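J.: After the structure tokens below, expect a handful of questions from me.
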Amino acid sequence: MNRPTIADLANAAGVSVSTVNRLLHGTGALRPQTADLILSAAQQIGFRSSGPLHERRRDNLPHRHLSFLMQQSHRPLCRIWAEALLGACARRTDAVIEPDVLFEDDPSPEAVAANLLKIGGSADAIAVISADHPLVGQAIDELRVKGVPVIAYVTDLSAAGRAGFVGTDNWKAGRTAAWFISQTSGRPGKVFPLIGSNRYQFQDISDASFRSYMREHAPEFHISETLLTHEAPNNAYAVVLRLITEEPELRGIFVNGGGISGVLRAMREFAVEHCKIRVVCRDIGPETRKGLSEGLITASLCHPVDRMPEELIDVMLRMIERTDTRLIEQRIVPFEILTPESIWT
């Protein structure tokens, strides 16, 4: 039986011989869909140069340098997010992505803005997790003018020049947290929301909606002023330790930000109090999983580790091709709900 020829491959794929030659010899660009069509046909007819064709197909794909500016390298959750982003980049089949994950442990707006401008010199697009501040917005606007789209990740930003936002519905998250605490507490008492920073939009929105639900559906609970942890476990530990020792009517804690390990540390030191304290958080790291398995956490309303990176990269690649538009692309991904009975290890 004669080996399939280039003409046979072209006929099987429904394209011209010259199109196959362009892919085989790398003499011109092809649409990814056309390259995939030729590769599929090559496998079907047993075209023996399919290996080089795969290499040519990769060479034919757009090559993109995507940068991800994260925060708090010491937090396991941020490390999990970073690993998920790298994995999602490697799985893309419509582009060859060179990912660059950077951690900025100085959360000040000056540091974040300086880093954005620095990495904007080489990146095709940037995703950033940052507190909202005019200095950060100015850096994003400057990069937009230079043709480098910046997408807000996890928490939105007010910068007019941002190209998009990928995150969860934080209004629903706050109300869901309130539902869990009010429905599982058993009796009224005091509830204390904890927040990492008032400048993280996703935390501020969740805090507002948490209060909205409690006013509407659980007015018998007393909701305290929001307590700041500055995303630090030691601060969260000190706050919760004080609440457990000084607030006999304590019924619930909404950990709306970082510091869950500090919260759990304080609760473990007062094991007798666990039965009447309902804790809802937004983390998905190893400490949260342990706390769920121990029954110390009632629920975690977490960002989906698999789907969110896929959506983010999709938006980044799309906005690279649409730098001439002022439109902002928004992707809202449903948050996941983990409970002690649904947690997997």
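The values are calculated or read from the model by the stated rules, or taken from the named source; none is laboratory data. Just so you know, these numbers come straight off a predicted model, no measurement behind them. Note that we place each Cβ from the backbone using ideal geometry, even for glycine, and neighbour counts take in every protein chain shown. Accessible surface is based on the protein model in full, side chains and every heavy atom, while ligands, DNA and RNA are left aside. Shrake-Rupley method; radii C 1.70, N 1.55, O 1.52, S 1.80 Å.
J.: Name the most mobile residue of 126, 38, 253, meaning the one with the largest mean-square fluctuation, in a Gaussian network model of the chain with Cα contacts below 10 Å.
T.: Per the Cα network of the chain with a 10 Å cutoff, 38 tops the list.
J.: Right, next: Tell me, what is the per residue accessible area of the chain in Å², probe radius 1.4 Å?
T.: Counting only protein heavy atoms, the per-residue value for the chain is 45 Å².
J.: If each residue of separation counts as 0.36 nm, what is the full-extension length gain between residue 238 and residue 199 once their alpha-carbon separation is subtracted?
T.: Between residue 238 and residue 199, full extension yields 11.9 nm more.
J.: Given the options 224, 300, 206, which has the most mean-square fluctuation in a GNM of the chain, springs set between C-alpha atoms less than 10 angstrom apart?
T.: The residue that fluctuates most here is 224.
J.: Also: For the range 182-199, take each phi angle, set θ = phi - 60°, evaluate the Karplus expression 6.51 cos²θ - 1.76 cosθ + 1.60, and give the result in whole Hz per residue in order, putting x for glycine and proline.
T.: After applying 6.51 cos²θ - 1.76 cosθ + 1.60, I find 5, 7, 10, 6, x, 8, x, x, 9, 10, 10, x, 10, 9, x, 7, 6, 9 Hz.
J.: Using only C-alpha positions, report the orientation-averaged shadow area of the convex hull of the chain, nm², one decimal.
T.: 20.9 nm²
J.: Separate question: Would you mind estimating how fast the range 78-153 diffuses translationally, via Stokes-Einstein at 4 °C and 1.567 mPa s with the Kirkwood radius over Cα pairs, in µm²/s?
T.: For these conditions, the coefficient is 98 µm²/s.
J.: Ignoring any ligand, DNA or RNA, what whole percent of the accessible area of the range 121-161 comes from carbon and sulfur when the probe is 1.4 angstrom?
T.: Whole-percent figure for carbon plus sulfur exposure: 55.
J.: Which of 243, 69, 30 moves the most in a Gaussian network model of the chain with Cα springs under 10 Å?
T.: Checking each option, the largest mean-square fluctuation is seen for 30.
J.: Okay, next question. Full extension from residue 7 to residue 65: what is 0.36 nm times the residue separation minus their Cα-Cα distance, to one decimal in nm?
T.: Length gained, residue 7 through residue 65: 17.2 nm.
J.: Would you calculate the separation in nanometres between label points at residue 227 and residue 86, each defined as 7 Å from the Cα along the Cα-to-beta-carbon direction?
T.: My value for the distance between the label points is 3.6 nm.
J.: Can you give the convex hull volume per residue for the Cα atoms of the range 178-244, as a whole number of Å³?
T.: 86 Å³
J.: Counting only protein chains, not ligands or nucleic acids, how are 98, 247 ordered by accessible area (probe 1.4 Å), most first?
T.: Largest accessible area first, the list is 98, 247.
J.: Please return the longest stretch of the chain lacking exposed loop sites, where GluC sites (Glu not before Pro) count only if DSSP places them in a loop and at most 16 other Cβ atoms lie within 10 Å.
T.: The answer is 1-219.
J.: Grab the beta carbon distance between residue 110 and residue 40, set R0 = 51 Å, and tell me the FRET efficiency rounded to 0.05.
T.: 0.50
J.: How much of the accessible area of the range 178-279, in percent, comes from carbon and sulfur atoms when a 1.4 Å probe is used?
T.: Summing carbon and sulfur atoms, their accessible area is 52 percent of the total for the range 178-279.
J.: Using a Förster radius of 22 Å, what is the FRET efficiency between residue 145 and residue 98 based on their Cβ-Cβ separation? Nearest 0.05, please.
T.: 0.40
J.: Per residue, how big is the convex hull around the C-alpha atoms of the range 222-309? Give it to me in cubic angstrom, could you?
T.: Enclosed volume per residue, from the Cα hull, is 101 Å³.
J.: Which parts of the range 204-239 would a label at residue 294 reach, counting a residue when its backbone N lies under 14 Å from a point 7 Å out along Cα-to-Cβ?
T.: 237
J.: At 25 °C and 0.890 mPa s, grab the translational diffusion coefficient of the range 170-216 from Stokes-Einstein with a Kirkwood Rh over Cα pairs, rounded to a whole number in µm² per second.
T.: 226 µm²/s
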